[in-house]
Amino acid sequence: MKIELMDRITLEDDTKYIVANTLEYNNKIYYLLVNDEDDTDIMIAYLKNMELLSIEDVDEYKKILLKFNTDKILKNMDINDFLN
């Protein structure tokens, strides 16, 4: 499975996300996913054994989110709105 920027991904629960950004960090490629219908719903995920896994740990989520070039994604929004 190859995931690229701007791909649309449908999860098992039929929620649709768009790949807004990618990041290579610690030998993994992370994907910043934005819900297609709710742009306040942001997920960070990575591929493991051809399965897309989301980051559930809050501290890890914050650490990875801050590594993305969020300026081009979030524009003038305060990133802390997504961290709280």
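The values are calculated or read from the model by the stated rules, or taken from the named source; none is laboratory data. Here the structure is a predicted model, which is why all the values come from computation and not from measurement. Reconstructed Cβ throughout: ideal geometry from the backbone, glycine too, with neighbour counts over all protein chains shown. With ligands, DNA and RNA removed, areas are computed over all heavy atoms of the protein, side chains included. Shrake-Rupley method; radii C 1.70, N 1.55, O 1.52, S 1.80 Å.
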For the range 55-67, 3J(HN,Hα) per residue [Karplus equation, 6.51 cos²θ - 1.76 cosθ + 1.60, θ = phi - 60°, Hz, x = Gly/Pro]:
7, 9, 5, 4, 5, 5, 4, 4, 4, 5, 4, 5, 7
In sequence order, calculated HN-Hα J values of the range 43-48 (Karplus, 6.51, -1.76, 1.60; Hz; x Gly/Pro)
10, 10, 9, 8, 8, 9
What is the percent carbon and sulfur in the accessible area of the range 1-51, measuring with a 1.4 Å probe over the protein chains and ignoring ligands?
42 percent
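For each pair in K16/K62; K28/K67; K2/K48, compute the distance between the two Cα atoms and list the pairs where it is over 19 Å. Mind dumping the intermediate values first?
On the way: K16/K62 22 Å; K28/K67 13 Å; K2/K48 12 Å.
Those over the limit are K16/K62.
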Taking amide H positions as placed in the peptide plane 1.01 Å from N, state which residues far from D36 in sequence (5 or more) or on other chains have amide H under 5 Å from it.
K16, Y17, I18
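How high is the FRET efficiency from N27 to N69, r the C-beta distance, R0 22 Å, rounded to 0.05? Mind showing how you got there, number by number?
On the way: r = 19 Å, r/R0 = 0.88.
Result of the calculation: an efficiency of 0.70.
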Given points 7 Å out from each Cα along the Cα-Cβ axis, report the K48 to M1 separation in nanometres with one decimal.
1.3 nm
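Using the heavy atoms of the protein chains and a 1.4 angstrom probe, tell me the accessible area per residue for the range 1-48 in square angstrom. If you can, show how the numbers build up before the last one.
Numbers: 3160 Å² over 48 residues.
Computed with neighbouring chains in place, this is 66 Å² per residue.
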